[in-house]
Every structure is written in C-alpha cells, then in structure tokens.
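All of the numbers you see were taken from the coordinates with simple rules; none came from a lab. A quick note: this is a predicted structure, and the numbers were derived from the prediction, not measured. We place every Cβ from the backbone using ideal geometry, glycine too, and count neighbours over all the protein chains shown.
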Amino acid sequence: MLAVGLAGCATQSPRNPDGQVTTAVPADAFSLQVGDCAGPLTTGTVGQVTLIPCAEPHAWEVFAVTELPGEEFPGANEVQDLAEAFCNDEFKAFIGVSVAKSEYRLTVLQPTKQTWSQAGDRQVTCLAGDGEGKVEGSLSGAKK
C-alpha cells in the first residue's frame, strides 16, 4: 500500500518521558516517530493518523524514517522508487524477513510535489502492520 503524507498543524500527542504514546489520540501524519503505532490509514493522501499505544491493538508500527535529498522535486515516480527501496530494505532489517515473505504489509508515507515545494517536506515514513488493527506489541524481529 502506498500512502502520501500531507503537511498540517501537528497535534501534540501524550507521550511518557521515554517518548512512547500513552493514550490513543489523533495526530498529524508528520508527528509520527520511529516506534509509534497507529490505527488504520486512509488510502491516498494521509493528513491525520490515530496514534495508539503499541501494547493495544493497532494497524501499523513506524519502523524507519528518512529524509530525501535535493531541492527540486524529482518527480512522483522517483520519490516513490526511492521511498519504496529504502522501506523495503529497512522492513527486512526490522521484521527479519523480506516484505514478499512476511505476513505483514508495508506502507509508505512520502512527500508529494505540493508538500515538497510548499512545506519543505522530504520525509519518508515506513510502517509495517496488518492494516486492520489486529497487531499487539512491536513487530521488531517478528520473523513472519
């Protein structure tokens, strides 16, 4: 699944001193951090997500984030190729098996031409999960 992040005002999420989400709360897609868990995402443009404590049932877990280089938007296909290559490599390192061999899915939040030029968005966010909200705990090292 491919999702595209949109810029907006960040909603401060309740986090403990270690930065972990302690209660379910709506948040801006740009507020996602590695280790965050989230509810199901909309298809297409994603502006808002629901952050959920990872100990509770959730659909997605953020496992990697990177920034794409460059000043000029390289084109939607190039952004997608770069984002998917990064997230596929990181998925295998995080889960322990490739996306093709995993029972879990990969979704990618990536910049659009609009967010790249208007908001300086270069962030790629990689999420692993079932998309339905049946995951409990972290998928780190799940090997399935």
(request) Please arrange Asp121, Asp28, Asp36 by counting, for each residue, the other beta carbons lying within 10 Å of its beta carbon, fewest first. (result) Asp28, Asp121, Asp36
(request) Could you pull out every residue, at least 5 positions away or on a different chain, whose amide H is within less than 5 Å of the one on Ala64? Hs are placed 1.01 Å off N in the peptide plane, and Pro or chain starts have none. (result) Cys126
(message) With +1 assigned to the C-beta of every Lys and Arg and -1 to the C-beta of every Asp and Glu, and no other charges, what is the dipole magnitude of the range 91-134 about the Cα centre in debye, to the nearest 20?
(response) 140
(message) For the chain, set up a GNM with springs between Cα atoms under 10 Å and report which of Leu68, Leu109, Leu127 has the largest fluctuation.
(response) Leu68
(message) Give me the count of lysine pairs in the range 3-144 whose alpha carbons sit under 28 angstrom apart, restricted to pairs 8 or more positions apart or on different chains.
(response) 9
(request) Would you mind working out the magnitude of the charge dipole of the chain relative to its Cα centre, with +1 at each Lys and Arg C-beta and -1 at each Asp and Glu C-beta, to the nearest 20 Debye? (result) 300
(message) From the phi angles alone, apply the Karplus equation (6.51, -1.76, 1.60; θ = phi - 60°) to the range 44-50 and give each ³J(HN,Hα) in whole Hz, x where the residue is Gly or Pro.
(response) x, 7, 10, x, 10, 9, 10
(request) Could you pull out every residue, at least 5 positions away or on a different chain, whose amide H is within less than 5 Å of the one on Gly137? Hs are placed 1.01 Å off N in the peptide plane, and Pro or chain starts have none. (result) Ala55, Glu56
(request) Could you list which residues have their amide H under 5 Å from that of Thr45, counting only those 5 or more apart in sequence or on another chain, with H placed in the peptide plane? (result) Val4
(message) Tell me the mean residue ellipticity at 222 nm calculated for the chain from its helices only (DSSP H runs of n ≥ 4, each -39500 (n - 2.57), averaged over every residue, nearest 500).
(response) -6000 deg cm²/dmol
